[in-house]
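The values are calculated or read from the model by the stated rules, or taken from the named source; none is laboratory data. The structure presented is a predicted model; accordingly, all values stated were derived computationally and were not measured. Cβ: placed from backbone, ideal geometry, glycine included. Neighbour counts: every protein chain shown. The area values use the complete protein model at the heavy-atom level, side chains included, leaving out ligands, DNA and RNA. Shrake-Rupley method; radii C 1.70, N 1.55, O 1.52, S 1.80 Å.
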Amino acid sequence: MPVKTSTQKRDEINNGEKEVSIAPTSSEHVATNRKTVEMKVDTEEEWAVKHSPEDRVEEESFAETIQEANELSSENKSSAIAKNNQVVKNGTMARVNEDMAELQKIETAAKSDIENIPDKMASEGRHLDIIERDDTTRDKSTETDEKIIKKASLKLKLEMEENLRKQKIEMEANLHKQKIEMEANLRKQKIEMLAEENFLRGNKMFIFPQVVKPDQDIEVFLNMSLSTLNDEPDVLIMGAFNDWKWKSFTVRLKKTLLKGDWWSCQLHVPKEAYKIDFVFFNGQNIYDNNDEKDFSITVEGGIDVFEFEDLLLEEKRKELEKIAKEQAERERQAEEQRRIEAEKAASEADRAQAREEIKRRREALKQLLERAVRSVDNVWYIEPAEFKGEDSVKLYYNKSSGPLAHAKELWIHGGHNNWKDGLSIVERLVSSEEKGGDWWYADVVVPDRAHVLDWVFADGPPQNADVYDNNHCQDFHAIVPKGIPEELYWVEEEHQIYRKLQEERRLREEAIRAKAERTARMKAETKERTLKRFLLSQKHIVYTEPLDVHAGSTVSVFYNPANTVLNGKPEVWFRGSFNRWTHRRGPLLPQRMLPADNGTHVRNTVKVPLDAYMMDFVFSEKEDGGIFDNKNGMDYHIPVFGGIAKEPPMHIVHISVEMAPIAKVGGLGDVVTSLSRAVQDLNHNVDIILPKYDCLKFINVKDFQYNRSYAWGGTEIKVWFGKVEGLSVYFLEPQNGISSTAMIGLVHLVARLFKDHYMHYGLSKARVVFTIHNLEFGAQLIGQAMLYSDKATTVSHTYSKEVAGNPLIAPHLHKFHGILNGIDPDIWDPYNDKFIPISYTSDNVVEGKRAAKEALQQKLGLKTSDLPLVGIIARLTHQKGIHLIKHAIWRTLDRNGQVVLLGSAPDPRIQNDFVNLANQLHSTHGDRARLCLTYDEPLSHLIYAGADFILVPSIFEPCGLTQLIAMRFGSIPVVRKTGGLYDTVFDVDHDKERAQAQGLEPNGFNFDGADAAGVDYALNRAISAWYDGRDWFNSLCKTVMEQDWSWNRPALDYMELYHAARK
């Protein structure tokens, strides 16, 4: 790089120039593609430098440095181009990759040279500085040169880096292009080889690449000359992935340039694929489907079939969530629309009511104004005579004019506008010294918006007055002379009434909504607690961790063989599946269970699939079987939450002779209705078949209509249909005059009829479950029903053991089970009961029961006193222990308690006996005993709520609902230990462990014997507890209210039994 001579520099300085330039010539610009670099220096004064030969040497060295840097860049480029030429000549991909690496080395060296430029230039600058530092001028020149050098080196560095970057991009593009061309050539050669090989072998189809991987493009080739489509002008491929389950496709094939009649198309393999399935066709009805086996290609290195199924389930879950969200939004919008429409209708109704009220008031005030005056001579007058609303006036009254002549005090009790707002004026009158005579007055503020003042005079303030002057029962009325305009007044009055009605309605609806929400929340919480109790009910045998099993999770199953038939076995094997043993993956492989940390338990880990709704398992002593613990043929089942799949609904038909509330004699009617509703709430389909009695309460049947007729045994039977309590009910009406008793017999014969006839006509998969409500009724037909049923039940576990020795039952114990009845929590609900004075829950049970007791005492004429009250609600039969009931009445009275009995006897002799007892008690203990010998549904609710204890001393009781209803209302049951009474009432003194085994707290008092001593033992403890520990007794009332005796648990047990019957 040339540098100006010292003479030239001196000339420039002497000419006053302040610019120094170091630049190549234009010819050098062209030759080396270098850019000019200018460096400017500002000085404060003129200076002159005399250069020595050494100066010229340094300047020439500085120029050579810059020239070398630019030449280095040019040499690198030339070297790279030479390498490229070599690549083209070589023609191999390996050389391309090697040259890319060489390019990287060149780039690194160039960068290093660029980085060294500032140091070299700075070094030159330091040398110049040493030469010229002997005077001030040289010092300034040195500083300026350093700035020049720095600016020049930075600019040169940036320019060289930009040149290098452009050269690199150009070279990489060339190399990439060559690589693609060479890959294309290699691909073409391989495809040509595969086409020739497959044609020679007679293969009509091949793919490239031969190994298919996920998320890859492939090409499918079809030889038309070997295909059934060889004469077709158009050929398409139609297919999908993963056994035709994922992302279908249809693509047209194009003819290739390959030797032979090869056609091809490209497909993209998704990342979720493990297999490609396809056929070829002409776009219409001619196919090449590989001899009806379809074409398929395995995708290597991707997910497997189970992972794909989980992916599908996850996609389905997302879709279901989306649908549910959209449905919820639609329902919300519909509900909002209904609310708006209802609010609009209610608003219109409020306005109409306000108009009617104004019309009534206006007419009444009009009549009143016709009678109103400004004063009555010698009785009363007002000063000033002209006044308006909010004015203060004096109202004068002549005491001697009426019945208050001798009163010590005088008071005015007043209002306005026909007493519109009730009593709003109360003032004491004082004697008027100015008027003379017996005139008294009161200062009164006229109410705003008053047209008429209304009042009476009295001898005292409200609640303390005895004598009134009310104008001979007409009251006093005075016109307000300057009242507001009448039309304006009535418009404002109507608006006020409307606003008041709206506010009252809003508060009423909010209270109803809040109560409904709390009811739903309490029901949900109760259901959740019951489910947890259901899951824990077998913890002494089997349980899971976590207790709530969720789809997609891993759970541990704990099993205690010590309490089963596998006790003492050296090994325990877990055998399980899902969805009632119907899961798509089939049964799990048997797994040997390992010892757990908690005593005799063994454990196993199970992965729960995403589409599980039920977990099923049994246990065995060996891998290949041996002795099984299958829960007496029921198998073990645990519900799975959050699964994508839902349990398919079962179709259940309940055939009965009773159904509440349309045909009810005893508890059976309640059970049929409540159980059916509970099972229906579990998303199953339920129908009920019932005889069409003449005494049916059709007022409780909705949409009652004729359905069809059919012939059976030569008799026409009409079928009617209706809805009862939200349940579908079919009523059978034989046209041969068959009696209701005979119809009951036919119901018992259903099992036999099914086995002999119906199962051969399309009902081969149906099963029959027979339930015995009470063995005392229909015994002659129960034996046949037991014989032909697949499963049989009775209404409590203890009762099933009590009747196990009966000859009708004993041969069928292998299919005989006890399942407790429940009660309907909507019918028996103290929080929503219209027959009791105040609503209550377990939170305010003391307050609620106190109010109910007082209402019961008042209704029946008993002494209103805080005494222990024993309630008895029963059919008066020997089964219900009538001799124990009589004894308990007298025992309660001896303990200074009260007794209320509600019930009647079907036997007239028993009924008359209790009538005599009622008369006797009425005469001797009329304030503490009352026997109501009839049926009274509202009174039964009040007794359940108002009683402290409910006595149920049955001799035998298959289940019993009375004690369950009592606990629902917070009353403590006192029962005899038999049947369902024993299964539901746990004595507070003796049954703590038995209650804990059921996940419960003790909840009552019970006794063994069927004599007076037994009743006394339980009743005395109960009454003493009431007297001696009211806080403890109140907490017991709260406890029993929170226990769930609804159909939540029994419905689950029945569903388990129904599924077992289907196995």
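Between E847 and H990, 0.36 nm times their residue separation minus their Cα-Cα distance comes to what?
Working it through step by step, the gained length comes to 48.6 nm.
Per 5 Å bin, what percent of the C-alpha pairs of segment 372-484 does each bin hold, from zero upward?
2, 13, 25, 27, 20, 10, 3, 0
By how many nm would the segment from Q474 to R360 grow when fully extended, if each residue of separation counts as 0.36 nm and the alpha-carbon distance is taken off? Walk me through the numbers on the way to the answer.
Values: separation 114, 0.36 × 114 = 41.04 nm, distance 1.92 nm.
Between Q474 and R360, full extension yields an extra 39.1 nm.
Taking K and R as +1 and D and E as -1, what net charge do the other residues with C-beta under 14 Å from the C-beta of D310 add up to?
Once all neighbours under 14 Å are counted, the net charge is 0.
Using θ = phi - 60° and the Karplus curve 6.51 cos²θ - 1.76 cosθ + 1.60, what whole-Hz ³J(HN,Hα) does each residue of segment 880-885 get, with Gly and Pro shown as x?
7, x, 5, 5, 6, 4
Please compute the Cα-Cα pair-distance distribution of segment 257-297 with 10 Å bins starting at 0, giving whole percents from short to long.
Reading the bins upward from 0: 21, 43, 33, 3.
Computed over the Cα atoms of segment 789-930, what is the ratio Rg over Rh, Rh following Kirkwood?
1.09
Quick one: net charge around L813, please, counting Lys, Arg +1 and Asp, Glu -1 for every other residue with C-beta under 14 Å from its C-beta.
That sum, taken over residues with Cβ under 14 Å, equals +2.
For segment 796-874, what is the Kirkwood hydrodynamic radius in Å, using each pair of distinct C-alpha atoms?
It is 16.3 Å.
Quick one: go through segment 545-580 and flag any residue whose amide nitrogen is under 19 Å from the point 7 Å out along the Cα-to-Cβ line of K539.
Under cut-off, by backbone N: 545-550, 555-564.
Among DSSP beta bridges lying fully in segment 651-818, give the percent that are antiparallel, nearest 5.
About 50 percent, rounded to the nearest 5.
Could you work out the relative contact order of segment 651-818? I mean the mean sequence separation of Cα pairs under 8 Å and 6+ apart, divided by the number of residues, in percent.
Here the relative contact order equals 15 percent.
Which log10 I(q)/I(0) values does segment 845-1046 give at q = 0.09, 0.12, 0.13 Å⁻¹ under the Debye formula, counting every alpha carbon as one identical point scatterer?
-0.29, -0.53, -0.63
Nearest 20 debye, what's the magnitude of the dipole of segment 541-639 about its Cα centre given +1 on Lys and Arg Cβ and -1 on Asp and Glu Cβ? Display every interim value, and only then the final one.
Numbers: 10 positive and 11 negative charges, 40 e Å.
Approximately 200 debye in magnitude.
How much accessible area per residue does segment 502-617 have, counting only protein heavy atoms and a probe of 1.4 Å, in square angstrom?
For segment 502-617, the per-residue accessible area is 54 Å².
Taking amide H positions as placed 1.01 Å from N in the peptide plane, with prolines and chain starts having none, which residues 5 or more places from W246, or on another chain, fall under 5 Å of its amide H?
F241
Could you give log10 I(q)/I(0) at q = 0.08, 0.09, 0.13, 0.16 Å⁻¹ for segment 651-818, computed by the Debye formula over C-alpha point scatterers of equal weight, without solvent?
Debye intensities relative to I(0), on a log10 scale: -0.25, -0.31, -0.67, -1.04.
Taking 0.36 nm per intervening residue step and subtracting the Cα-Cα distance, what contour gain separates E161 from N1020 on full extension? Before the final figure, lay out the partial values.
Values: separation 859, 0.36 × 859 = 309.24 nm, distance 10.61 nm.
Result for the pair: 298.6 nm of gain on full extension.
Taking just the C-alpha trace of segment 269-423, give me its Rg and Dmax in Å.
My reading of the Cα-based Rg and Dmax gives 44.1, 125 Å.
Please list the equivalent ellipsoid semi-axes of segment 280-355, computed as the square roots of five times the alpha-carbon gyration tensor eigenvalues, in descending order and whole angstrom.
Equivalent ellipsoid of segment 280-355: 59, 20, 6 Å, largest first.
Considering only protein heavy atoms, what per residue accessible area in square angstrom results for segment 372-484 with a 1.4 angstrom probe?
That works out to 51 Å² per residue.
Once the convex hull of the C-alpha atoms of segment 773-819 is built, how many Å³ does it hold per residue, rounded to a whole number? Mind showing how you got there, number by number?
Numbers: hull volume 3.0 nm³, N = 47.
About 64 Å³ per residue, rounded to a whole number.
Mind putting a number on the dipole of segment 198-308 about its Cα centre? Charges go on the C-beta only, +1 for Lys and Arg and -1 for Asp and Glu, and I need it in Debye to the nearest 20. Could you put the intermediate results ahead of the total?
Numbers: 12 positive and 17 negative charges, 64 e Å.
Magnitude of the dipole: close to 300 debye.
I627 versus H406, label points 7 Å from Cα toward the beta carbon: distance in nm?
It works out to 10.5 nm between the two label points.
How large, in Å, is segment 198-308 by the Kirkwood hydrodynamic radius built from its alpha-carbon pairs?
In segment 198-308 this quantity evaluates to 14.3 Å.
Rounded to the nearest 0.05, what FRET efficiency is calculated for F704 and A918 with R0 set to 45 Å and r the Cβ-Cβ distance?
Taking R0 as 45 Å, the efficiency between F704 and A918 is 0.65.
If you place +1 on the Cβ of every Lys and Arg and -1 on the Cβ of every Asp and Glu, how big does the dipole about the Cα centre of segment 845-1046 come out, in debye to the nearest 20?
480 debye
Based on alpha-carbon atoms only, what is the radius of gyration of segment 541-639 relative to the globular estimate 2.2 N^0.38 Å?
Ratio of Cα Rg to 2.2 N^0.38 Å: 1.00.
Given a Förster distance of 56 angstrom, what is the FRET efficiency for D936 paired with T554, based on the Cβ-Cβ distance and rounded to 0.05?
0.45
Sum up the charges of everything whose Cβ sits under 12 Å from the Cβ of V1040, counting Lys and Arg as +1 and Asp and Glu as -1, but leave V1040 out.
Net of charged neighbours comes to -1.
Tell me the per residue accessible area of segment 198-308 using a 1.4 Å probe; a whole number in Å² is fine.
55 Å²
Going highest first, how would you order 193-206, 322-335, 630-643, 844-857 by mean Cβ packing within 10 Å?
Sorting 193-206, 322-335, 630-643, 844-857 by mean packing, highest first, produces 844-857, 630-643, 193-206, 322-335.
Find which of G1004, L981, A1061 sits farthest along the positive direction of the dipole of segment 926-1063, computed with +1 on the beta-carbon of Lys and Arg, -1 on that of Asp and Glu, about the Cα centre.
Toward the positive end, the furthest listed residue is A1061.
Only sites in a loop by DSSP and with at most 16 other Cβ atoms within 10 Å count here; which chymotrypsin sites (Phe, Trp or Tyr not before Pro) in segment 648-739 make the cut?
Filter output for segment 648-739: Y693.
Quick one: Debye curve from the alpha-carbon atoms of segment 666-741 only, equal weights, vacuum; give me log10 I(q)/I(0) at q = 0.11, 0.12, 0.16, 0.18 Å⁻¹ to two decimals.
After summing over all Cα pairs, the log10 values are -0.32, -0.37, -0.65, -0.80.
Among K532/K664; K539/K791; K359/K388; K863/K886; K254/K293, which pairs are too far apart, with a Cα-Cα distance over 27 Å? Provide the component values of the computation, followed by the final result.
On the way: K532/K664 33 Å; K539/K791 25 Å; K359/K388 24 Å; K863/K886 21 Å; K254/K293 24 Å.
Exceeds cut-off: K532/K664.
Taking θ as phi - 60°, what are the ³J(HN,Hα) couplings along segment 1046-1063 by the Karplus curve (6.51, -1.76, 1.60), each to the nearest whole Hz, with x for Gly and Pro?
After applying 6.51 cos²θ - 1.76 cosθ + 1.60, I find 7, 8, 4, 6, x, 4, 5, 5, 5, 5, 4, 5, 4, 5, 5, 5, 7, 5 Hz.
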